[in-house]
Structures are given as C-alpha cells and as structure tokens.
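Every number here is computed from the coordinates shown, using simple stated rules; none is lab data. Computed from a prediction, not measured in an experiment: that's the story for all the values here. Cβ atoms come from the backbone with ideal geometry, glycine included; neighbour counts cover every protein chain shown.
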Amino acid sequence: MKVAIVHDWFVTYAGAERVTEEIMNIYPNADIFSLVNFLDKGQRNFINEKDVITSFIQKLPFARKHYRNYLPLMPLAIEQLDVSEYDLIISSSHAVAKGVLTGPDQLHISYVHSPIRYAWDLQHQYLKEAGLTKGIKSFITKMILFNIRKWDYRTSNGVDYFLSNSNFISRRIWKIYRRESETIYPPVDVENFSFHTEKEDFYLTTSRMVPYKKIDKIVEAFSQMPERKLIIIGDGPDFNKIKSKSGPNVKLMGYQPFEVLKDYMQRAKAFVFAAEEDFGITAVEAQACGTPVIAYGKGGSTETVRGYKECEKPTGLFFYEQKPEAIIKAIDEFENVKNSIVSLNCRRHAERFSGRRFRSQFEEFIDDKLKKHNFQKEKI
C-alpha cells in the first residue's frame, strides 16, 4: 500500500507538525507533500530528514518569510500536488491540505485541526485585528476569503472520512461542511513534562504574543492584583504592547528554551489560559507537570481541563468572559479552592493525551476505514 501524507506548510514545529510526526511514525515509508518546506536542516528531525514534495509556491519571491501572502494561490497550488499513484492519502489540515485531488479508488482521510478559521466564523475577528474592516484592501481581502470559502466547501466532498482534533472542531466541521467527524485528540508530549508537586507563589502563562491569545487581558487583570505575581513566557508582534501594560508584579521573559519553560510550568501555582483554542496543547502540558489550569471556558479547553464546578477530580477552573474582571474573579476563586485541586489528578488527566494513545486510536481508525473501502471496491 502506497501512502501519502499531505501537510499545509512546514515552517516550524508546533501542534500540527506534532500530529504529522506521529502519523509518519505509523507510516514511516509514506511520501510527504506540502505547499512549502522552509524547515532548516536542524529542524527536520521530526520528519526523519525526508524530502518533502512541495508546490510552486516554494519558489515564488519572498515565500520563505511571506508564504501566507500567497493565500489566494494556495487552492490552486494544493491541487497541483500529484498524489494519483497512492492508495491512502492522509491530510493534516488547518488551511488547504484537505483540498488535494483524489480519485474514487483512493481513500482520503483528513485530520482537521480546524476549517480555515479566518475564512469562516472568525473572519470578522481577523479582519478587525488586521485593520481591514474598511477601504479597498478590506474589499479585496473579503473577496479573496469569499472565494476561499466556496473552494473550501466544495473540496470537503473529496474527503472520505474526517477526523477532528476536538469535539469543538467536530461541531465546526459539521456547521461548515455538514459532514460527520470522529474526534481523536492530538498527541501531547506529556513524557517530557515531569510531574512536580511543590508549587511556588506565582502564576504562569506562555503563548505567542498575538491578539487572539488575549495575553493583554491577563496582564490587565494582574495589574489590578498587585499582590499576585505573573510570569509570561513567549514572544510575538504584540510583545511591546503587552509590556506597556505590565506592572511591577508582571515579568515578561520573552522566548525561552524548552528546559526553562518546563521548569516554570512545574513550579507555577497555576497556568492561566485566556484564548479560545481549537484544542490547547499548553494547558495539557501544564497539567502534565501537575499544575492546575485557569482557562477560558469555551472551545477546546472545556475538553482538556476538568473544571472545579463541572467535574469530579478537577484539574482547574473556568471563567466565561475574555475580560480582566472575569479573570480576577477566577483567580480569587482558585485561591479559595486550590487545595481541592490535586496535582496527581492533573497529571493523570494529561496522560489521556499522550502520543501512544494518539497512535493507537489513529491506526485503529485507519485500519477500519481501509477494510470498508476495500470491501466496497471489491463489491463494485
């Protein structure tokens, strides 16, 4: 059986790449396709230094730094990747990978991290954050996204089976494509995050500094709680904006290597998570360290965190508005109930999202669909 793995783009190693890595561990002889591959030589370990078959965008001017600017060309580019000689095609998609062209005798299974967020239900949020709500640039961008939506919906028919990375994304898949999907939670490297019971008197958040992560709301909350200490690890375009809002009780550390990040995660009193995420890997990593999570109660967090009021053996608690006042209230509540949130329960809950569990569930799903697919071909 010839297997092709299709990934949107290789430019870094994050959650989507972790999924692709585990799929390649299941199918080590698979060929890999992607719009672009700009991984440096030292970053290619997770794809076993394999060659990646890329699209024409790879060779376009300034693509290394500005590949996202070629969004209007991405549907065309992904359809030019020739996977016609493969029996099984697995796409790992948060943008256009699921749109690869396949035939009736090929089995195409798409693991969807999310339908294209900025083209569908989050379009207005993205346009606002990008300053594209008015003017000719706004009009052109909206027309591009309109065409992307039409293409995205049409190409959903080329997928035989959908997998989602959370029940939240499963509902989004149904809303947009009117297709059923099965949830297999993405793999989290919980083995690399050591369990630690002794906590110190500070809160932690780690994130890329971009608007939807709502780090500024966390900072604004802590500025009104000078007696509580907050550590922030991460960098990004909003770093200076967030720094300007930070009081003396807030420490911004910028980008830090993994060992430093892990050390702070192990020692933090709690991890604060204010984004509406599709899944939310960092919240699971914190729990793997035995650290409770104070999270925005919408999106993937409701599946990765066991809320104090909602579940037995809680691993954290929720707030329900992305506002400083809601975060302050949640922090105060946590201080009152923190002794009821057991570190060992956090660790055990995080282990449900291990790479071993992902590989087992994913392989079982693929084997089942292959049997059905081959039976249907023989019947015809």
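Once you reduce the stretch 301-315 and the stretch 214-263 to the center of their Cα atoms, the two points are 25 Å from each other. In a reduced charge model with +1 at each Lys and Arg Cβ and -1 at each Asp and Glu Cβ, the stretch 190-353 shows a dipole moment near 160 debye about its Cα centre. Both radii are taken from the alpha-carbon atoms of the chain; with Rh as the Kirkwood radius, Rg/Rh is 0.98. Can you give the log10 of the normalised intensity I(q)/I(0) at q = 0.10, 0.12, 0.13, 0.16 Å⁻¹, computed with Debye over equal Cα scatterers of the stretch 190-353? Those come out to -0.30, -0.44, -0.52, -0.82, one per q. Each Lys and Arg contributes +1 and each Asp and Glu -1, all at the Cβ; summed about the Cα centre of the chain, the dipole is approximately 1080 debye. Rounded to the nearest 500, the helix-only mean residue ellipticity at 222 nm of the chain stands at -11500 deg cm²/dmol, with each DSSP H run of n ≥ 4 adding -39,500 (n - 2.57).
Within the stretch 260-380, the proportion of Cα pairs with more than 24 Å between them is 35 percent. Under 5 Å between amide hydrogens, built in the peptide plane, is the criterion, and for residue 183 it picks out 164 among residues at least 5 positions away or on other chains. Among the trypsin sites (Lys or Arg not before Pro) in the stretch 269-309, those placed in a DSSP loop whose Cβ has at most 13 other Cβ atoms within 10 Å are 309.
For the stretch 149-239, the fraction of C-alpha pairs farther apart than 24 angstrom is 53 percent. Positive-end ranking of 156, 246, 37 along the dipole of the chain, with charges on Cβ about the Cα centre, is headed by 246. If R0 is 30 Å, the Cβ-Cβ spacing of residue 53 and residue 14 corresponds to a FRET efficiency of close to 0.90.
Simple spin-label estimate for residue 348 and residue 68 gives 4.1 nm between the two label positions (7 Å along the Cα-to-Cβ direction from each Cα). Treating r as the C-beta distance of residue 338 and residue 179 and R0 as 41 Å, the FRET efficiency rounds to 0.45. Since only 233, 307, 280 are under comparison, the one whose Cα sits farthest along the positive direction of the charge dipole of the stretch 190-353, derived from C-beta charges on Lys, Arg, Asp and Glu, is 233. Near residue 290, the amide H atoms lying under 5 Å from its own belong to 196, 347; only residues 5 or more places off or on other chains count, and H is placed 1.01 Å from N. Couplings 3J(HN,Hα) for the stretch 56-71, derived from phi with the Karplus relation 6.51 cos²θ - 1.76 cosθ + 1.60 (θ = phi - 60°), are 5, 4, 3, 9, 6, x, 6, 5, 4, 8, 10, 4, 5, 5, 8, 3 Hz, where x marks Gly and Pro.
Here is the P(r) of the stretch 1-60: all C-alpha pair distances, binned every 10 Å from 0, give 23, 60, 16, 0 in whole percents. Please quote Rg/Rh for the stretch 54-118 to two decimal places, taking the Kirkwood radius as Rh and restricting both calculations to Cα atoms. Value, to two decimals: 0.99.
Note on residue 150 and residue 356: their simple-model spin labels are 5.1 nm apart, each label 7 Å out from Cα toward Cβ.
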